[in-house]
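Below is one structure, written out as structure tokens, with a few remarks after it.
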Amino acid sequence: MTQPVPETVDMTLRARHRDLTRRLLIDALTHVIMRDGLHEFSMQSVADEAGCSLRTLYRYFPNREAFIGGLNTEVQHFVEAGMDYAQAENGTDLADLVERLILVFAERRNLIRVWLAASLAVDVRSSISRRASALVAAAIEQVAPTLDPDQHARVLCGLRQVVTTRTWLSLTDQLGPEEAARTAGWMVRTLLADLANGGPRTT
């Protein structure tokens, strides 16, 4: 007699299937928004892109607002996982982290592009921004621990312009992922080296 599959295993498989389906639907949404625009997309067009029925789509996202919320959640999970992976691979070296993150983000560049272009997810942006700021502040503290508050604020602002997804997308569009990663890493290393040598200075 065949033994039944344990419920815990069954639920794990179901959860994985749900997560995969949600991601496929978000990818379809990303493609449709890139093609049709944020305000022009329809639930039917996303279902067609995903190759599923409207009934299936509505089971996961009952309306457009829920779909956009799902996009925000997907971005947050992707960015956080990317940062975790980059830190595990490169420790706390900010330039190496930036290089690795650009390569990770390039894998789903359109997802990030749609999220940014739509000016979505203020709370998600804040969460990601706080983590990026902490990484930058730690790098500054490592090379120049005695900066006064005004100097620290100016350096933090300057480095944060490099450590942003908008900058990375722009560099990637112009240079391609590999060269964009090298360029951003060089920018960070140059700024930190100048900082270690006594800059910036007020006149």
Taking only the range 34-46 into account, find how many residues are farther than 18 Å from residue 58 by Cβ and not in a loop (DSSP other than H, G, I, E, B). 3
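Conditions (1) farther than 30 Å from residue 140 by Cα; (2) of a type in the set (Gly, Ala, Ser); (3) out of contact with any Leu (no Cβ under 6 Å at 6 or more places or on another chain), marked per residue:
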{"residue": "33", "(1), (2), (3)": "yes, no, yes"}
{"residue": "51", "(1), (2), (3)": "yes, yes, yes"}
{"residue": "59", "(1), (2), (3)": "yes, no, yes"}
{"residue": "73", "(1), (2), (3)": "yes, no, yes"}
{"residue": "77", "(1), (2), (3)": "no, no, yes"}
{"residue": "86", "(1), (2), (3)": "no, yes, no"}
{"residue": "93", "(1), (2), (3)": "no, no, yes"}
Failed criterion for residue 194 (all others in (1) within 24 Å of residue 84 (Cα to Cα); (2) modelled with pLDDT of 80 or more; (3) surrounded by fewer than 19 Cβ atoms within 10 Å (Cβ to Cβ) hold): (1)
Given the criterion modelled with pLDDT of 80 or more, in a helix (DSSP H, G or I) and crowded, with 17+ Cβ neighbours inside 10 Å, identify the matching residue among 128, 102. 102
Which of the residues belonging to the range 57-72 are assigned to a helix (DSSP H, G or I) and touching a residue at least 24 places away in the same chain (Cβ under 8 Å)? 57, 60, 67, 68, 70, 71, 72
For the range 152-170, enumerate the residues that are part of a helix (DSSP H, G or I), under 15 Å from the mean Cα position of the chain (by Cα) and of a type in the set (A, V, I, L, M). 162, 169
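The values are calculated or read from the model by the stated rules, or taken from the named source; none is laboratory data. In this text the structure is predicted, and so the values were computed from the model without any measurement. So basically every Cβ, Gly included, is an ideal-geometry build from the backbone, and we count neighbours across all protein chains shown.
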